[in-house]
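The values are calculated or read from the model by the stated rules, or taken from the named source; none is laboratory data. Note that the structure is predicted; figures quoted are calculated from it, not measured. Cβ sites come from the backbone with ideal geometry, for glycine too, and all protein chains shown count toward neighbours. The protein model used for the area step is the full one, side chains on, heavy atoms only, and it has no ligands, DNA or RNA in it. Shrake-Rupley method; radii C 1.70, N 1.55, O 1.52, S 1.80 Å.
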Amino acid sequence: MPELLIDFITSLDGYGAAEGWPGWWGLEGPEYLAWLGDQPEEDFTVLMGATTYRVMSGLATEGEPGTDSLAGWSKVVFSTTLTEPLSWPNTQLVTKDPVEAVREMKNEGAKSMRTLGSLTLCRSLLNAGLVDRFRVVVFPVITGSTGRDRIYDGYTDVSLDMVNSRTFDGRIQLLEYVPTVLAGPPGTAKADA
């Protein structure tokens, strides 16, 4: 069965971006960029929501470094506001419920999937128990006053079993887990029910 990987980059305090800060908080280093260049999941289908699609396809159109390889990747955007034809190559528009669609893709498809940004989409897929791996690359900054796009707000309780970790450039942490959605905190009647 194909797997689903949620993939985020964050500040230490859990933000996906920060106002006025450059991409990767200005801390991308050669080891991290080389790992990205290896494109460990380039054969996966990339899943995203409409907001991420608009941002990323716009960056690709403007020639933002690092977006050129994404043009060739298979992409699915979940949206009821976008219309076809979509301008970004190799992108399929899906207008039905993302949880239902991804469940079908996992049950009937042969290709594994990964997310790109898309906080709301990731939250709903994790809450539905569809996520097989959860990967976070943590950058060593705290962006409490300028941070935006808090990643974990609205998540259900989740237990994470680590399956991989790595340090890039002596400061950036890759943490990879297998998630288990919990009914409540471990050891409580709610979780044990």
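Points to keep in mind about this one:
- Selection status of Lys96, surrounded by 13 or more Cβ atoms within 10 Å (Cβ to Cβ) and charged (D, E, K, R): no
- Selection within segment 119-135 - closer than 14 Å to Gly16 by Cα, of a type outside the set (S, T, N, Q) and open to solvent by 10 Å² or more (accessible area, probe 1.4 Å): Leu119, Arg123
- Restricting attention to segment 136-161, the residues that are touching a residue at least 60 places away in the same chain (Cβ under 8 Å), of a type in the set (Ser, Thr, Tyr) and open to solvent by 20 Å² or more (accessible area, probe 1.4 Å) add up to 2.
- Test: residue in segment 53-62 that is touching a residue at least 60 places away in the same chain (Cβ under 8 Å), under 19 Å from Leu33 (Cβ atoms), open to solvent by 20 Å² or more (accessible area, probe 1.4 Å) and of a type outside the set (Phe, Trp, Tyr): yes
- Strands (runs of 3 or more DSSP E) enclosed by segment 14-112 - at least 3 residues per element that are touching an Asp or Glu at 6+ places or on another chain (Cβ under 9 Å): 15-18
- Residue within segment 48-67 that is farther than 22 Å from Trp21 by Cα and of a type in the set (Lys, Arg) present: no
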